[in-house]
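Down below is the structure, laid out as structure tokens.
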Amino acid sequence: MTYREIAEMLATVGLPFVYHHWEDNSAPPLPYLVYLFPSRDDFYADNSNYQAIVNLNIELYSDRKDFALEQKLEKILHENKISFDKTEAYITSEKMYEVLYETEIILDGDV
């Protein structure tokens, strides 16, 4: 998978999304997505990074628990053969829910 394919996949959810964060006071109304690549866990062989394995976080933010929206996102992840771990938190200071999908993807060389 490429970085571009990840953005194209997220676009099919139909929500506003951004890489890493929204600039100050520019976040759209809830719900929206944020995605980022917080780290890598490459496969090494012959003293080299043989295969890039990128950790991908997809964060779904909403003002209420939205099971249907979570199912839609999870269906898209399944269709793209992306397995994930899922956690949830309520951010009291922001009055919103965060549903976090953590996964690893094998990164192709193309952007």
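Between amide H atoms placed 1.01 Å from N, distances below 5 Å from Met96 occur with Ile91, all of them 5 or more places distant or on a separate chain.
For a label point 7 angstrom out from the Cα of Leu100 toward its Cβ, which stretches of segment 66-93 have the backbone nitrogen within less than 14 Å? So the set is 85-92.
Considering only Ser39, Met1, Ile76, the residue lying farthest towards the positive end of the dipole of the chain is Ile76, judged by Cα position with unit charges set on Cβ. Using just its DSSP H runs of length 4 or more, each adding -39500 (n - 2.57), the chain gives a mean residue ellipticity at 222 nm of -6000 deg cm²/dmol after division by all residues. If R0 is taken as 30 Å, the Cβ-Cβ distance between Asp63 and Thr2 corresponds to a FRET efficiency of 0.40. Site pair Tyr50 and Lys72 shows an inter-label distance of 4.1 nm when each label is modelled 7 Å from Cα along Cα→Cβ.
Within the shell of other residues whose beta carbon sits under 12 angstrom from the beta carbon of Leu77, the net charge comes to -1, with Lys and Arg scored +1 and Asp and Glu -1.
Summing Cβ point charges (Lys, Arg +1; Asp, Glu -1) relative to the Cα centre of the chain gives a dipole of roughly 340 debye.
For segment 1-71, the relative contact order comes to 25 percent (Cα pairs under 8 Å, sequence separation of at least 6). Once the Cα atoms are used to define both axes, helix 67-79 deviates from the longest principal axis of the chain by about 20 degrees. In the chain, what is the volume of the convex hull around the alpha carbon atoms, normalised per residue and reported in Å³? So the per-residue hull volume is 117 Å³. Each of the peptides 91-99, 73-81 was scored by the mean count of other Cβ atoms within 10 Å over its residues; in descending order, highest first, they stand as 73-81, 91-99. Proximity of backbone amide H atoms, modeled 1.01 Å from N, is registered between Tyr32 and Tyr61 at under 5 Å, excluding neighbours fewer than 5 places apart on the same chain. Summing Lys and Arg as +1 and Asp and Glu as -1 over all other residues whose Cβ lies under 10 Å from the Cβ of Asp63 gives a net charge of +1. 3J(HN,Hα) couplings calculated from phi for segment 8-21 with the Karplus curve 6.51 cos²θ - 1.76 cosθ + 1.60 (θ = phi - 60°) are, in sequence order, 5, 4, 5, 4, 6, 5, x, 10, x, 8, 8, 7, 6, 6 Hz; Gly and Pro show x. Less than 5 angstrom separates the built amide H of Leu56 from those of Thr103, Glu104, Ile105, all sequence-distant by 5 or more or on a different chain. Here the label points at Thr87 and Phe43, each 7 Å from Cα along the C-beta direction, are separated by 2.7 nm in the simple model.
Laboratory data are not the source of any read-out in this text; all were calculated from the coordinates shown. Since this is a predicted model, take the numbers as computed values, not measurements. Quick reminder, even Gly has a Cβ in these numbers, built from the backbone with ideal geometry, and neighbours come from all protein chains shown.
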